[in-house]
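Down below is the structure, laid out as structure tokens.
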Amino acid sequence: QVQLVESGGGLVQPGGSLRLSCAASGSIFSINVMGWYRQAPGKQRELVATITYGGSTNYRDSVKGRFTISRDSAKNTVYLQMNSLAPEDTAVYYCNAQRATGANWGQGTQVTVSS
């Protein structure tokens, strides 16, 4: 199993920036892909960005050019740098770790974009 702890959410004005962090512990060696998902009220959870063990990244179209996923292997931490935030980015953001035998989720961190 992998334990994930997110941090960095909060309230930000439109056009602002936030950086989310996800610290992983446990069976780190078993992780193939890590990613960020989000879920807005009344909507389904959706993929935001992923990063593979080899460092390849993938983003949903609506965040391309604004969000950047990265990792610090020494700290077992994945980051999501979010710039030019808009009200439609408001959601609970979840960290995810994909393993060959399953997936683990963090508890989520709230991001609210509002003036």
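Worth a mention:
- Across Thr101, Thr90, the residue with the most accessible area heads the list, and the full order at a 1.4 Å probe is Thr101, Thr90.
- Val63 - accessible surface, heavy atoms, 1.4 Å probe, Å² rounded to 10: 0 Å²
- Net dipole in debye of the chain [+1 Lys, Arg Cβ; -1 Asp, Glu Cβ; about Cα centre; nearest 20]: 120 debye
- Linear extension gain, Val33 paired with Asn58, 0.36 nm per residue minus alpha-carbon span: 7.9 nm
- Legend: residues Ser30, Ser56, sorted from most to least accessible area (1.4 Å probe; ligands, DNA and RNA excluded), read Ser56, Ser30.
- Percentage of interatomic Cα-Cα distances in the range 7-65 larger than 12 Å: 77 percent
- Residue ranking by accessible heavy-atom surface, 1.4 Å probe, largest first, among Ser115, Ser70 comes out as Ser115, Ser70.
- Local electrostatic count, Glu88, Cβ distance below 11 Å [Lys/Arg +1, Asp/Glu -1]: +1
- Relative contact order of the range 23-108: 33 percent, from C-alpha pairs under 8 Å at least 6 residues apart in sequence.
- Applying the Kirkwood pairwise sum to the alpha-carbon positions of the chain produces a hydrodynamic radius of 14.1 angstrom.
The values are calculated or read from the model by the stated rules, or taken from the named source; none is laboratory data. Only a predicted model underlies this, so the values are computations on that prediction, with no experimental measurement involved. Cβ atoms come from the backbone with ideal geometry, glycine included; neighbour counts cover every protein chain shown. Ligands, DNA and RNA are excluded from the accessible area calculation, which covers all protein heavy atoms including side chains. Shrake-Rupley method; radii C 1.70, N 1.55, O 1.52, S 1.80 Å.
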